[in-house]
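Encoded as structure tokens, the structure appears first; notes follow it.
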Amino acid sequence: MFWTKKELPNKASSGVKMHGSVTVGTKWQIVIPKDVRDMLSITEGDTLMTMTKYGKFVGFIKAEDMSDFIDLLKSECNIHN
């Protein structure tokens with residue numbers, strides 16, 4: 001899943017968007033598609049957090065957006081501190 005502060009999913013949407021495919025290279029690297037880099041304002045040197053779900057999904061989020069992402073998840077699940 002890819003979210004930015006500018007483009008958070010609304011309650012009627014799952015927030016999931018498919019962005020095509022990537023190929024794992026010989027050094028286990030992938031190239032992030034340009035539309036995803038642009039959407040998330042990813043630039044060279046940025047740190048991305050890696051998440052998995054159900055052992056079948058992998059997602060990335062910019063480390064600097066992690067706190068906002070956690071708040072979004074809490075609000076979607078109606079979890080309050």
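Read the figures in this text as sums done on the coordinates, not as results from a lab. The shown structure was predicted, so the numbers you read here are calculated from the model rather than taken from an experiment. Neighbour counts are summed over all protein chains in view; Cβ atoms, including those assigned to glycine, are modelled from backbone coordinates with ideal geometry.
Okay, here's what the table says:
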quantity	calculated
Pairs from Lys34/Lys62; Lys17/Lys56; Lys27/Lys56 whose Cα-Cα separation, in the structure shown, is over 18 Å	Lys27/Lys56
Neighbour-limited loop hits for chymotrypsin sites (Phe, Trp or Tyr not before Pro), the range 32-78 (at most 14 other Cβ within 10 Å; DSSP other than H, G, I, E, B)	Tyr54
Residues whose placed amide H lies under 5 Å from that of Leu48, excluding near-sequence neighbours	Ala63
Sequence of Lys27, Lys74 once ranked by neighbouring C-beta atoms within 10 Å, starting from the fewest	Lys27, Lys74
For Lys17, residues with placed amide H under 5 Å, excluding near neighbours	Phe2
Karplus-derived HN-Hα couplings along the range 59-71 (A = 6.51, B = -1.76, C = 1.60, θ = phi - 60°), whole Hz, x at Gly and Pro	x, 10, 9, 4, 4, 5, 9, 4, 4, 5, 5, 4, 4
